[in-house]
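The values are calculated or read from the model by the stated rules, or taken from the named source; none is laboratory data. Only a predicted model underlies this, so the values are computations on that prediction, with no experimental measurement involved. Positions of Cβ are generated from backbone atoms using ideal geometry, with glycine treated the same way; all protein chains shown enter the neighbour counts. Just the protein is used for accessible areas: all its heavy atoms, side chains included, with ligands, DNA and RNA removed. Shrake-Rupley method; radii C 1.70, N 1.55, O 1.52, S 1.80 Å.
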Protein chains: 2
Amino acid sequence: VVCKNLGRTVFAVFDSGLGGLTVLRSLLDEFPDRDFVYLGDTARLPYGSKSGSTIRQYSLQILKYLVDELNPDALVIACNSASTQVHESEIFGKKVFNVIDPGVAKALEKTKNNKIGVLATRATVDSQAYQQRLIKINPEVQVFAAAAPLLVPLAEENWDQDPITNLICYRYLQPLLTQGIDTLIMGCTHYPILRESLQRACGPNINLVEAGDKLCQNIKSSVEEDSQLRAARQIKILLTDLNSQNQKLCHSLLQAHEISSIEHINLKTNHEEIL
Amino acid sequence: VVCKNLGRTVFAVFDSGLGGLTVLRSLLDEFPDRDFVYLGDTARLPYGSKSGSTIRQYSLQILKYLVDELNPDALVIACNSASTQVHESEIFGKKVFNVIDPGVAKALEKTKNNKIGVLATRATVDSQAYQQRLIKINPEVQVFAAAAPLLVPLAEENWDQDPITNLICYRYLQPLLTQGIDTLIMGCTHYPILRESLQRACGPNINLVEAGDKLCQNIKSSVEEDSQLRAARQIKILLTDLNSQNQKLCHSLLQAHEISSIEHINLKTNHEEIL
């Protein structure tokens, strides 16, 4: 409904909140000819502290909504916790890309000593998604994972250059560092916002890995190019809860990219019947 | 459905998550003859970062559910963010009690210099609920409010005796302390979990206020006693998302009280149609 007038073929990007905008940023640079619709489930975030079955329910509801409303060329799940619960490569007739596989591929490229750390939400760590996929591709690899629940609220507080953030990053990373990892997967799309603090806590010799560029390669290799040139590119943001705080965060996370609109959407739960 | 076999008249307590168990604790001590059903909306927590209209929608949906399923003697909203959006004293034919009014009454009793601080979620601070109600009762009072989004995840991380928590409490409180407050309302039901860190950051001369005992007085003065004695008292906990982490937290927050059951419930949103 909200998206009838888009000029080009659309990529639909889904996240539990706004952290996925760090992924959208990479996509925008890599696919200048596509329109983008980003749906952030801000009314129910965070997913990372919820159970796998709830996360899957929410994710399927939203992917279905995006397919029905937009008929997109591709679905991108820009949320690690959601990615762990949607294993399909095609869903509701559309190609779907997650952020786990590209992170896994990149970490395996980067590591020299085969010791890889994963910092993520509790749901992502508990799902064992990174651990299993890394070891499936390279059984030589040792994986050390830690849940870091405070990093998302720290990123949203904008304390990214703060000594308290450095302390907390170090607290979470210390058990991984003592294992001798040389590569750290930032297994939550909020974490690149805190990249400097994380790098400081790790020291300069550890590779920090995010999904962005590998994800773009995956999409390029399996989605046909859209050669039709039309009006200026559109970037629409749909949020299930809209307030001034998250509007501000949208603009600051997308930096130079101009947002066409930020709209509130209602996924139609049955509280409508009550009100 | 889940609650047909309760032996006594029921008080239904609603919170966005598990912080309201600090309120339930006071109620359990004060009303030994009542059964209690506590509903935590763990699938959609936290409410404190969401907009007022979304919080009201969720709250009404849950209050309706509790009335339909339990026919309780009283509804207690043990969540400040939800309390700011439900102003009614009766709803769906039942008496409803919030945690704002008792906190306001107690702070006004405690203050000597009429300078009161409020530490709360962003939604509660933005609603102006504490500020307006304090000043309505005593126009001489000055209120200084601050949003403290990191305190809920810190409480849930169980870092309540941690130097990092002291630092963060001090960071949030410092602007209020420089205004010379002598009383601080802990305006979120999670905050009493961090009481020691907050008191340390405030210094010993500042009164920390929570709703508990005043809330019990409010209920006592308006709900009739239930004199029928039956089987042992029941305490049921219903959660919209259930995982091992929040089960653990239930037991640790209710301390000596024995929980009859912890159950997962589904509020029936339309993702059921999809799956």
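What distance in nm separates the simple spin-label points at B:HIS87 and B:ILE135, each placed 7 Å from Cα in the Cβ direction?
The modelled label-to-label distance comes out at 1.5 nm.
Amide H of B:SER51: which non-local residues (sequence gap of 5 or more, or other chain) have their own amide H closer than 5 Å, using H built in the peptide plane?
Here the answer is A:LEU242, since their amide H atoms fall under 5 Å of that of B:SER51.
Taking the full set of protein chains and a 1.4 angstrom probe, give the accessible area of A:THR240 in square angstrom, rounded to the nearest 10.
Surface accessible to solvent at A:THR240 totals approximately 10 Å².
Please report the relative contact order for region A:1-137, taking Cα pairs under 8 Å with a sequence separation of at least 6, and give it as a percent rounded to a whole number. List each step's numbers first, then the result.
Values: 179 pairs, mean separation 36.8, N = 137.
Reported as a whole number, the value is 27 percent.
Can you list the residues of region B:110-154 whose accessible area drops by at least 30 Å² going from the chain on its own to the full set of protein chains, with a 1.4 Å probe?
Listed by number, the residues meeting the 30 Å² cut-off are B:ARG122, B:LEU150, B:PRO153.
Under 5 Å between amide hydrogens, which residues at least 5 positions from A:LEU39 or on another chain qualify, with H placed 1.01 Å from N in the peptide plane?
When sequence neighbours closer than 5 places are left aside, the close amide H contacts are A:VAL13, A:PHE14, A:ASP15, A:LEU238.
Residues of region B:75-107 with backbone nitrogen within less than 16 Å of a virtual label 7 Å along the Cα-to-Cβ line of B:ASP68, please, listed as ranges.
B:92-94
Once R0 is set to 25 Å, what does the formula 1/(1 + (r/R0)^6) return for the Cβ-Cβ distance between B:LYS110 and B:GLU225, expressed as a FRET efficiency to the nearest 0.05?
On the way: r = 29 Å, r/R0 = 1.16.
With R0 = 25 Å, the Cβ-Cβ based efficiency is 0.30.
Using Cα springs under 10 Å in a Gaussian network model of chain A, which residue among A:ASP29, A:ASP41, A:ASP101 shows the largest mean-square fluctuation?
Comparing A:ASP29, A:ASP41, A:ASP101 in a Gaussian network model of chain A, the most mobile one is A:ASP29.
Only helical DSSP H runs with n ≥ 4 go in: add -39500 (n - 2.57) per run for chain A, normalise by residue count and round the 222 nm mean residue ellipticity to 500 deg cm²/dmol. Working shown, then result.
Working: 12 runs with 115 residues, N = 275.
Estimated from H runs of four or more residues: -12000 deg cm²/dmol.
Going highest first, how would you order A:175-182, B:10-17 by mean Cβ packing within 10 Å?
Working: A:175-182: 15.1, B:10-17: 26.8.
So the peptides A:175-182, B:10-17, ranked by packing, come out B:10-17, A:175-182.
Would you kindly work out, in nm and rounded to one decimal, the distances from the label point of B:GLY203 to those of the same position in each other copy, ordered shortest first, with label points 7 Å along Cα-to-Cβ?
4.2
Once the dipole of the protein assembly as shown is set up with Lys and Arg at +1 and Asp and Glu at -1 on Cβ about the Cα centre, which of B:LEU134, A:PHE92, A:VAL37 lies farthest towards its positive end?
B:LEU134
Roughly how big is the protein assembly as shown's charge dipole about its Cα centre, with Cβ charges of +1 (Lys, Arg) and -1 (Asp, Glu), in debye to the nearest 20? Before the final figure, lay out each step's value.
Numbers: 54 positive and 62 negative charges, 97 e Å.
The calculation lands at about 460 debye.
Over all Cα pairs of region A:172-232, how is the pair count split among 5 Å bins, expressed in % and running from 0 up to the last occupied bin?
4, 14, 21, 16, 12, 9, 8, 7, 5, 3, 1
Nearest 10 degrees, 0 to 90: what angle lies between the long axis of helix B:244-254 and the longest principal axis of chain B (Cα atoms)?
Result, in degrees: 70.
Helix A:163-177 versus the longest principal axis of chain A: what is the Cα-based angle in degrees, 0 to 90, to the nearest 10?
60
Which residue, chosen from B:TYR170, B:LEU239, B:LEU151, occupies the Cα position most advanced towards the positive end of the dipole of region B:151-255, where the dipole is computed from +1 (Lys, Arg) and -1 (Asp, Glu) charges on Cβ about the Cα centre?
My answer, from the dipole projection, is B:LEU239.
Considering only protein heavy atoms and a probe of 1.4 Å, how much of the accessible area of the protein assembly as shown is carbon and sulfur, as a whole percent?
46
Measuring label to label, 7 Å along Cα→Cβ, what does B:PRO163 give against each other copy in nm, shortest first?
Sorted ascending, the copy-to-copy spacings read 1.1 nm.
Kindly give the semi-axes, whole Å and largest first, of the ellipsoid equivalent to the protein assembly as shown, taking each as the square root of 5 times a Cα gyration tensor eigenvalue. Don't skip to the answer; put the middle values down first.
On the way: eigenvalues 337, 143, 108 Å².
Sorted largest first and rounded, they come to 41, 27, 23 Å.
Using DSSP loop states and a limit of at most 14 other Cβ atoms within 10 Å to flag trypsin sites (Lys or Arg not before Pro), what is the longest stretch of chain A containing no flagged site?
Numbers: sites that count: A:LYS4, A:LYS112, A:ARG230, A:LYS268.
In short, A:113-229.
Provide the packing ranking of A:141-150, B:79-88, i.e. peptides ordered by the mean count of other C-beta atoms within 10 Å per residue, highest first.
On the way: A:141-150: 20.5, B:79-88: 25.6.
The packing order, highest mean first, is B:79-88, A:141-150.
Which of rounded, prolate, oblate describes region B:71-140, given a ≥ b ≥ c as roots of the alpha-carbon gyration tensor eigenvalues and a/c under 1.5 marking rounded, otherwise prolate only if a/b is larger than b/c? Walk me through the numbers before you get to the answer.
Working: a/c = 2.43, a/b = 1.80, b/c = 1.36.
It comes out prolate by the Cα gyration axes.
Leaving out same-chain residues fewer than 8 places away, which lysines sit with a Cα under 16 Å from that of A:LYS115?
List returned: A:LYS106, A:LYS136.
Hey, got the average number of other protein chain Cβ atoms within 10 angstrom for residues in A:59-65?
On the way: counts 1, 3, 7, 2, 1, 4, 2.
Counting Cβ atoms of other protein chains within 10 Å of each residue's Cβ and averaging gives 3.
Taking every residue in B:157-168, how many Cβ atoms of other protein chains lie within 10 Å of its Cβ, on average? Before the final figure, lay out the partial values.
Working: counts 5, 0, 3, 0, 0, 1, 1, 5, 0, 0, 4, 7.
Average neighbour count from other chains, rounded to a whole number: 2.
Beyond 36 Å, how much of the Cα-Cα pair distribution for chain A remains, as a whole percent? Don't skip to the answer; put the middle values down first.
Values: 4710 of 37675 pairs.
Result: 13 percent of Cα pairs exceed 36 Å.
Classify region B:26-111: rounded, prolate or oblate, from the alpha-carbon gyration tensor (a ≥ b ≥ c, eigenvalue square roots; a/c under 1.5 rounded; otherwise prolate if a/b is larger than b/c)? Walk me through the numbers before you get to the answer.
Values: a/c = 1.61, a/b = 1.05, b/c = 1.53.
Note, shape of region B:26-111 comes out oblate.
Looking at chain B as a GNM with Cα springs under 10 Å, which of B:LEU167, B:LEU208, B:LEU21 has the largest mean-square fluctuation?
B:LEU167
Given axes a ≥ b ≥ c from the Cα gyration tensor, I'd like to know whether region B:105-241 is rounded (a/c under 1.5), prolate (a/b larger than b/c) or oblate.
Working: a/c = 2.07, a/b = 1.29, b/c = 1.60.
In terms of gyration-tensor shape, oblate.
Could you pull the accessible area for A:GLU109 with a 1.4 Å probe, rounded to 10 Å²?
Accessible surface of A:GLU109 is approximately 120 Å².
In degrees from 0 to 90, rounded to the nearest 10, what is the angle of the helix B:52-70 Cα long axis to the longest principal axis of chain B?
Rounded to the nearest ten degrees, it is 40.
Could you name the aspartates and glutamates in cross-link range of B:LYS110, using Cα to Cα under 12 Å and dropping any fewer than eight places away on the same chain?
Straight-distance partners of B:LYS110: B:ASP182, B:GLU210.
Looking only at region B:9-27, which residues have a backbone nitrogen under 20 Å from a spot 7 Å from the Cα of B:ALA256 in the C-beta direction?
Residues passing the 20 Å test: B:21-27.
Quote the relative contact order of chain B in percent (integer), defining contacts as alpha-carbon pairs under 8 Å separated by 6+ residues.
Details: 494 pairs, mean separation 69.5, N = 275.
Contact order relative to length: 25 percent.
Of B:ALA120, B:ALA74, B:ALA211, which is the most mobile in a GNM of chain B whose springs link Cα atoms less than 10 angstrom apart?
Evaluated over chain B, the most mobile residue of the options is B:ALA74.
To the nearest Å, what is the center-to-center distance of region A:190-209 and region B:82-115, using C-alpha atoms only?
Taking the Cα centre of each part, region A:190-209 and region B:82-115 sit 44 Å apart.
If we hang a label 7 Å off Cα along the beta carbon direction at B:GLU30, how far is it from the matching labels on the other copies, in nm, shortest first?
In nanometres, ordered from closest: 5.7.
Under 19 Å from the Cα of A:LYS94, which lysines turn up, not counting those fewer than eight places away in the same chain?
A:LYS94 reaches A:LYS4, A:LYS64, A:LYS220.
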